[in-house]
Amino acid sequence: MTRQYSFQTGVRNTFHPVDYVLFGALLVICAGIGLFYAIKDRKRGNTKEYLLAGGNMSAIPVALSLLASFMSAITLLGTPAEMYNYTTIYWWIGVGYMITIALAAHIYIPVFFRLRITSAYEYLGIRFGLVTRSIASIIYIIQMILYMSIVLYAPSLAINAVTDFSLWGAIWAVGLVCIFYTTLGGMKAVLWTDTFQVTMMIAGLLAVLIQGSIEVGGFSKAWEISRASGRIWFTDFDPDPIVRHSFWTCIFGGAFTWLSVYGANQAQIQRAITCPTVRKAQYAYWFNFPGLCVILILCALIGTVIYAFYETCDPKSFGLISASDQLLPLFVMDVLGHIPGIPGLFISCLFSGALSTLSSGLNSIAAVILEDCVKLFCFKEMSEMRATFASKILAVVFGFICIGLTYVASLLGSVLQAALALFGVIGGPLLGVFTLGMLFPWANQKGAVTGMVTSLAFMLWISIGYQIHKPKVATFSPINVTGCNWNLTTTPASVTSAIVTTTVAGLATTTPAAQDTGTDLLMRLYSLSYLWYSATAMIFVIGLGLIVSLITGRTDPKTLDPRLICPIFDVLMPFLPKRWRRRLWFGVRHDEVKDDEPVNDVELAVNKDAPRTKNGTYQTENGVSNQAYVISGDEKNAHPRFTKL
C-alpha cells in the first residue's frame, strides 16, 4: 500500500507513544545530569565551581558546549526554511564562521583570560569605569532574556505543529527542566548536558536527511529539482548592504554578527574561562568550528530535500502550517511519522538545542548579576556560600521571566532572522565597546559610554523602522500548489485565487528579484540587511567613541595596564620585524606581559602612572576614583578575583 502524505490527505501525522517516551527520556537525562553534579559537588560550595566548573575543563566538552549554546532550535528550524524560501547563498555564512572563530580566539579571549574574570563586563569596569560596566551589563541581560524567549518558543512551536501537545505545555515542561538542572548542577551540568545534546542534534538531523533523501528518490534528484527552480545559487556578489543575503553580506556581515556572540557574549566567554589555559580555550574555539559547519550543512541539505518533497504543493499555501518555521517538523512527520520513535528523536533534537541555549543563558545571567550588581552595589563582602546560593536564586528567577516573555517571541516572525537581528541590534554595540577598549588605547570612558548608548539607540531605530515600514524582500521561490489535494477543502476557488501557481518547468533561468526599497535614503537605511546590524553598530561605537575621546581628552596609552589591550598587529602580522611591531603598540607596554606568568597578587590599575591618594590607591582619569585593582588569588583558585584595595 502506497503511503500518503499530508498534502494528499490534508491530515498531519501525530506522535506515537514511543515518541513521547523518547522525548520524556531526554528531559529525564538532562535533569539527571544536573542532579548528579549537584550531589557530586555538594561540598564545593563556591562560585568558581558553580559558575566556572572549577576552571579545569578539557577543550572537547567546552567546544561542544560552545557549539550547542547558540546553534539552537532556531538554527535547526530556520536554516531549512531559508533554503526552502530563498536560495543556497546563505551557505556562505560558513566562511563567516571561520573569520569569527579566528578573531574571537586570538583577539578577544586572550584578554579576558589574562584578567581571570568571571563576568566579561568586569573588563569594562577596569578599562572604562563603573558606568560603562553597569550599562553594558544591563544591555546584555536584556539581550539574553529576549533571545532565550525566542529559543524556548521555537521548538515549542514545532512540537505543537506536529502533535497534539499543547504549545504552552511544551514551553513550561522544557523551561522547568532547564531551570532545574541549571540551578542544581551549575556550569558542569550545563557543559555535560550540552555535550549530550549536541550528539542528539546531529543524530536527529542525519536521520531526517537520510530518510528524506530516500523519499524523494535520492539527494541528487532533490538537488536537481532545486537547481531547476533556481534555488541553487551561490554567485550573488552584489555589494549593496540592503541585499538581504549576498556573498559579501553572508561572509563579512555574518562574521561580525557571530563575533558579537563569540567575542563579546558572556555565555561564550564564561565557557572559555572554564579551561585551565588560554591555549586550551583557543583549541575549544577551533574545535567548535567544524561543528558549526556540520550543522549548517546538514540543515541546508535538509532544506533542499524539503523543497523537492513539496515541489508541487506548498504546505503554507495549502494551510497545513502557518509559518515557514514549521516546515521541518511537518516534513519529519510526513517522511518519518510511520516509524515509531524517530519523530520523538527529532523533537528531542530540537529541544536539545533549546535546552543548551537556555541553560547557558541562565548561568551567564546569574554570573553577570552576581558580579556586576549584587557584589558591586549590594553585598561587597558576600561569602562564597551565600554568593553560590544567590546565583542559584537568580537562575530560577530569570528562568521564569524567560518563560513569561516567550509570548513576545511568538510575535517576531521568522525565528532565524529575529534571533540574528537581535545579535546585531543589541549585541553589536556591546561588541563595539569591547573592541574600542581592547584595540584603541586612546579611548576613554566618555567616548565608550557615548558610543555604546548612541549606537544602541541608532540600531533600535533602524530595526523598529524595518518593522513599521516592512521593506519588500521578494521570496525567491516560486510557489507551486498544483499537486495539492484541493478536493479536501470547502473553498478551493477562494484559496487558489490568491496563489500564483507556476510549474517548476520553465523556471530554470529564474534569478532572484531585487528588493523593492525605492530611492529614499531613509527607506534604504530601514532596508539594511539584518546581517550587517552588528558590523554597523560596532563601527558606530568605535567611530563616535574615538571622536568623543579625542575631544574630551584621550587616554595616554603609556598609563594603561597592557593586559587590557590586545596587541592587534602582533596577532595579525607576526611576521613583521619586532621593532616595527613595538612602534605599533602606540606606547602600550606589552613587553611587560606574558601569558604564562603567574597572576597572583599582580597589581592591575587603569592608570598605573596616575598619582596615588592618601590611602595609597589610584586616582584615574576614567572615573575609577580611589580604587585600584589587584588580582588576588591562592593556589587552590585557578581563577583569581579582582578586588578593591
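Yes/no matrix, rows are residues, columns are (1) surrounded by 24 or more Cβ atoms within 10 Å (Cβ to Cβ); (2) not polar (S, T, N, Q):
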| residue | (1), (2) |
| --- | --- |
| L66 | yes, yes |
| I74 | yes, yes |
| G78 | yes, yes |
| N85 | no, no |
| I93 | yes, yes |
| I99 | no, yes |
| V111 | no, yes |
| Y123 | yes, yes |
Seminar exercise, completed: Of the residues in segment 434-472, those that are hydroxyl-bearing (S, T, Y) and open to solvent by less than 10 Å² (accessible area, probe 1.4 Å) number 2
Problem set entry | Tally, over segment 165-198, of residues that are surrounded by fewer than 20 Cβ atoms within 10 Å (Cβ to Cβ), small (G, A, S) and assigned to a helix (DSSP H, G or I) | 2
For this session: Return yes when L431 is open to solvent by less than 10 Å² (accessible area, probe 1.4 Å), within 16 Å of the chain's Cα centre (by Cα), modelled with pLDDT under 80 and within 23 Å of W532 (Cβ to Cβ) and no when it is not.
Result: no
Problem set entry | Test: A474 is modelled with pLDDT under 80, assigned to a loop (DSSP other than H, G, I, E, B) and within 19 Å of P241 (Cβ to Cβ) | yes
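Could you please let me know if V208 is touching a residue at least 40 places away in the same chain (Cβ under 8 Å) and either closer than 30 Å to L52 by Cα or open to solvent by 10 Å² or more (accessible area, probe 1.4 Å) (or both)? Don't jump to the end; show me each part of the working.
Values: touching a residue at least 40 places away in the same chain (Cβ under 8 Å): yes; either closer than 30 Å to L52 by Cα or open to solvent by 10 Å² or more (accessible area, probe 1.4 Å) (or both): no.
Against the criterion (touching a residue at least 40 places away in the same chain (Cβ under 8 Å) and either closer than 30 Å to L52 by Cα or open to solvent by 10 Å² or more (accessible area, probe 1.4 Å) (or both)), V208 does not qualify.
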Seminar exercise, completed: Residues in segment 552-583 that are open to solvent by 50 Å² or more (accessible area, probe 1.4 Å) and of a type in the set (D, E, K, R) total 7
Problem set entry | Only listed residue being modelled with pLDDT under 80 and either crowded, with 16+ Cβ neighbours inside 10 Å or in a helix (DSSP H, G or I) (or both), chosen from G361, G399, G353 | G353
Problem set entry | The lone exception for Q282 - which of (1) at pLDDT 90 or above; (2) in contact with a His (Cβ under 9 Å, 6 or more places away or on another chain); (3) crowded, with 24+ Cβ neighbours inside 10 Å it fails | (3)
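Could you say which residue among G263, G303, G291, G217 is farther than 26 Å from T195 by Cβ and buried (at least 18 other Cβ atoms within 10 Å of the Cβ)? Before you say what the answer is, go through the steps one by one.
Numbers: G263 fails: farther than 26 Å from T195 by Cβ; G291 fails: farther than 26 Å from T195 by Cβ; G217 fails: buried (at least 18 other Cβ atoms within 10 Å of the Cβ).
From the options G263, G303, G291, G217, the qualifying one is G303.
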For this session: For segment 310-325, enumerate the residues that are buried (at least 21 other Cβ atoms within 10 Å of the Cβ) and assigned to a helix (DSSP H, G or I).
Result: P315, F318, S324, D325
For this session: Select the helices (runs of 4 or more DSSP H) contained entirely in segment 43-141, then report the ones holding at least 2 residues which are modelled with pLDDT under 90.
Result: 47-52, 59-70, 73-85, 109-115
Exercise. Does D372 satisfy the condition of being touching a Phe, Trp or Tyr at 6+ places or on another chain (Cβ under 6 Å), more than 17 Å from L206 (Cα to Cα) and not basic (K, R)?
Worked result: yes
Exercise. Can you tell me which residues in segment 547-568 are free of Cβ contacts under 8 Å to residues at least 24 places away in the same chain and touching a Phe, Trp or Tyr at 6+ places or on another chain (Cβ under 8 Å)?
Worked result: P567
For this session: Please state which of the following conditions N487 fails to meet, knowing it meets all the rest: (1) surrounded by 15 or more Cβ atoms within 10 Å (Cβ to Cβ); (2) polar (S, T, N, Q); (3) assigned to a helix (DSSP H, G or I); (4) modelled with pLDDT under 75.
Result: (1)
For this session: Could you tell me which of the residues F346, F331 is touching a Gly at 6+ places or on another chain (Cβ under 6 Å), on the phi < 0 side of the Ramachandran plot and in contact (Cβ under 8 Å) with a residue 60 or more places away in the chain?
Result: F346
Problem set entry | Restricting segment 375-395 to residues that are open to solvent by 30 Å² or more (accessible area, probe 1.4 Å) and touching a Phe, Trp or Tyr at 6+ places or on another chain (Cβ under 9 Å), the residue that is modelled with the lowest pLDDT | R386
Exercise. Could you say whether any residue in segment 235-247 is surrounded by fewer than 20 Cβ atoms within 10 Å (Cβ to Cβ) and touching an Asp or Glu at 6+ places or on another chain (Cβ under 9 Å)?
Worked result: yes
For this session: For segment 442-459, name all the residues that are of a type outside the set (V, I, T) and assigned to a helix (DSSP H, G or I).
Result: Q445, K446, G447, A448, G451, M452, S455, L456, A457, F458, M459
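The values are calculated or read from the model by the stated rules, or taken from the named source; none is laboratory data. Everything numeric in this text was worked out from a predicted model, so none of it was measured. Cβ: placed from backbone, ideal geometry, glycine included. Neighbour counts: every protein chain shown. Heavy atoms of the whole protein, side chains included, go into the accessibility calculation; ligands, DNA and RNA do not. Shrake-Rupley method; radii C 1.70, N 1.55, O 1.52, S 1.80 Å.
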